[in-house]
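The values are calculated or read from the model by the stated rules, or taken from the named source; none is laboratory data. In this text, all values refer to a predicted model and were calculated from it rather than measured experimentally. Cβ placement follows ideal geometry from the backbone for every residue including glycine, while neighbour counts extend to all protein chains displayed.
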Ligand SMILES: [Zn+2]
């Protein structure tokens with residue numbers, strides 16, 4: 001099931017400078033939907049004011065509030081923003097910002113990208129079936145959010161796990177705890193909206209916290 005069209009933001013301006021066509025390795029660059037940047041910056045603007053949000057965005061990516069990306073971005077750009085926000089705000093506040101940005105991203109997907117009939121079917125189905133449909137759609141659309149990471153869904157009777165190997169949102173960062181709250185917030189809000197409001201998505205292992213992968217458990221379904 002295709003539930004996510006190529007990301008665009010109506011009214012947004014083109015990027016001020018196109019990312020290099022080739023990565024440092026010489027291979028094609030991996031891309032990620034622009035919401036990881038857009039929604040994070042909106043949360044920063046609401047919490048810190050437009051001036052500080054703009055300053056952090058420019059420092060990390062070269063975009064600014066008046067020229068946000070409107071197409072898939074080089075995966076290194078949201079990662080640079082995550083790193084900058086972690087450095088500037090400290091991990092506890094930064095992960096709260098990223099969590100909220102994830103929730104807003106889910107709202108964006110529900111409003112603009114996931115067709116209403118698909119949403120209706122997921123909500124109407126028994127929870128396990130609704131979750132299965134949502135997970136299948138996530139896996140099919142991983143190209144919009146995983147970048148060069150490998151996204152895997154494992155469904156077991158007791159627990160469902162989502163994982164990234166070589167996670168694009170924490171690659172090269174060291175943190176005191178799991179920090180991929182952008183993904184956790186997005187997945188949790190989608191699951192709450194489409195499967196059950198009791199759902200929780202918890203990152204139980206994070207590469208930035210010494211894990212082999214970033215691994216998220218989906219709880220509250222069974
Ligand atoms: Zn992680």
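What are the residues in the stretch 167-182 that are closer than 14 Å to residue 216 by Cα, out of contact with any helix residue (DSSP H, G or I) (no Cβ under 7 Å at 6 or more places or on another chain) and more than 9 Å from the ligand (Cβ to nearest atom), if any? Result: no residue meets the conditions. Against the test of being surrounded by 22 or more Cβ atoms within 10 Å (Cβ to Cβ) and more than 9 Å from the ligand (Cβ to nearest atom), the options 159, 201 yield a single qualifying residue, 201. Can you find even one residue in the stretch 115-127 that is within 17 Å of the chain's Cα centre (by Cα) and part of a helix (DSSP H, G or I)? There is no residue in the stretch 115-127 that is within 17 Å of the chain's Cα centre (by Cα) and part of a helix (DSSP H, G or I). Please determine whether any residue of the stretch 64-76 is part of a helix (DSSP H, G or I) and either under 25 Å from residue 150 (Cβ atoms) or touching a helix residue (DSSP H, G or I) at 6+ places or on another chain (Cβ under 9 Å) (or both). Yes; the residues of the stretch 64-76 include at least one that is part of a helix (DSSP H, G or I) and either under 25 Å from residue 150 (Cβ atoms) or touching a helix residue (DSSP H, G or I) at 6+ places or on another chain (Cβ under 9 Å) (or both).
Of the residues screened, residue 133 is not one that is crowded, with 16+ Cβ neighbours inside 10 Å, in contact (Cβ under 8 Å) with a residue 60 or more places away in the chain and under 16 Å from the mean Cα position of the chain (by Cα). Being more than 10 Å from the ligand (Cβ to nearest atom), in a loop (DSSP other than H, G, I, E, B) and at pLDDT 95 or above: is that true of residue 185 here? When the stated conditions are applied, residue 185 does not pass them. Taking the conditions exactly as written (surrounded by fewer than 22 Cβ atoms within 10 Å (Cβ to Cβ) and either touching a helix residue (DSSP H, G or I) at 6+ places or on another chain (Cβ under 6 Å) or within 23 Å of residue 118 (Cα to Cα) (or both)), does residue 212 satisfy them or not? It is false that residue 212 is surrounded by fewer than 22 Cβ atoms within 10 Å (Cβ to Cβ) and either touching a helix residue (DSSP H, G or I) at 6+ places or on another chain (Cβ under 6 Å) or within 23 Å of residue 118 (Cα to Cα) (or both).
Here the stretch 46-63 is the region considered, the condition is being modelled with pLDDT of 95 or more and in a loop (DSSP other than H, G, I, E, B), and the residue that is surrounded by the most Cβ atoms within 10 Å (Cβ to Cβ) is 63.
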